[in-house]
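The values are calculated or read from the model by the stated rules, or taken from the named source; none is laboratory data. No experiment lies behind these values; they were computed from the predicted model shown. Because the Cβ atoms are built from the backbone with ideal geometry, glycine has one as well, and the counts that use them run over all protein chains shown. Accessible surface areas use protein heavy atoms only, side chains included; no ligands, DNA or RNA. Shrake-Rupley method; radii C 1.70, N 1.55, O 1.52, S 1.80 Å.
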Amino acid sequence: MNTNNTLNPFLNIKTPKAWGPGSFEMALPLVKATNIRPSMRILEVGGGSGQIATTIAKHWNVSVVTLEPWANTNEIQAYAADEGVENQVLQLKIKAQSLPFAENTFDAIISIGSFEMIGDERPIALAEMTRVAKTGARIGIAEPMCLSGAMPDELVELDIQCSLGFQKCFSDLDCNRNLFTEQGLAITESYYFGEAYQWWLNYRDQRRISEAEQELITRDNGRWISLGLVVGEKL
C-alpha cells in the first residue's frame with residue numbers, strides 16, 4: 001500500500017480516540033518495522049479504543065488479537081464491526097504477563113503506548129510475548145519513553161506530589177533495548193521520534209488528562225519526556 005502521510009490510514013481515522021501521545025503517528029512506523037503483511041496473525045498488547053487494531057486488520061488484511069485488560073465494554077469489538085472487520089479483530093480482557101496462547105502462535109506482536117504501563121512486570125510480559133511469537137517474528141513497542149539522564153528536579157517534585165508515575169513507567173531507549181536483548185531478541189530497529197515533544201504537546205492540548213500532567217508536559221519543554229520505538233526479532 002502507499003504509505004505517504006496523505007494516505008496514512010492511522011491519520012485518517014474519523015473521530016480518533018488516542019489514549020496517549022503520538023499513538024496514531026507511531027502506528028505506521030511500527031507496522032512497517034514489524035513487517036506486518038496480509039494474512040498474518042497479530043497480537044496487540046494494549047487495545048485502547050481499538051482503532052489501531054481495527055485499522056491494521058482493515059488495511060493490511062490481517063487478523064488481530066488485541067488485549068485490553070481494563071475494558072468493561074465491547075467497544076473494540078463494536079468499532080471493528082462498524083468498520084467491517086468484526087471477524088478479523090478479537091478483543092480479550094487479559095494481561096500480557098499471563099498469555100493463554102501456545103508457543104509460536106503469532107506472526108508479529110505490537111504495543112503502542114501501553115507496554116510502559118506494565119511497570120516492573122515488563123520483563124515477565126516480554127517473556128510471554130516472546131514465547132507466543134513465531135521464530136522470525138518481530139516484536140515491537142512504540143511508546144512514551146524518557147531521554148537518558150535524570151528527570152529535572154522540578155518535574156520530579158511534581159511527579160511525586162501528584163502521583164503521576166512518569167518516573168516509574170518511563171524507561172530510556174537503552175533500557176528498552178536491553179530488556180529486549182535479555183529476552184534473546186535481536187534488535188532490528190530502535191530510535192526516538194524526532195517529533196516526540198510536539199506530539200506530547202498535541203496530546204496535552206486535547207485536555208483529556210489531568211491539569212498536573214498537562215503542567216508537567218509544559219514544564220518539561222522537551223528536556224526529558226519523549227517517544228521511542230524498539231523492535232526485536234525472535235531468533
Subset of segment 27-46 [open to solvent by less than 60 Å² (accessible area, probe 1.4 Å) and in contact with a helix residue (DSSP H, G or I) (Cβ under 8 Å, 6 or more places away or on another chain)]: Ala27, Leu28, Val31, Ile36, Met40, Ile42, Leu43, Glu44, Val45, Gly46
Members of segment 166-187 that are open to solvent by less than 40 Å² (accessible area, probe 1.4 Å), out of contact with any helix residue (DSSP H, G or I) (no Cβ under 8 Å at 6 or more places or on another chain) and not in a loop (DSSP other than H, G, I, E, B): Leu173, Asn176, Ala186
Of all residues making up segment 91-120, the number that are more than 16 Å from the chain's Cα centre (by Cα) and open to solvent by 70 Å² or more (accessible area, probe 1.4 Å): 6
Complete set of residues in segment 56-67 that are open to solvent by less than 10 Å² (accessible area, probe 1.4 Å) and either farther than 14 Å from Ala81 by Cβ or of a type in the set (Val, Ile, Thr) (or both): Ile56, Val62, Val64, Thr66, Leu67
Residue among Ser190, Ser163 that alone is farther than 16 Å from Asn221 by Cβ, surrounded by fewer than 18 Cβ atoms within 10 Å (Cβ to Cβ) and polar (S, T, N, Q): Ser163
Selection count, segment 72-90, where residues are within 19 Å of the chain's Cα centre (by Cα), open to solvent by less than 40 Å² (accessible area, probe 1.4 Å) and at pLDDT 95 or above: 2
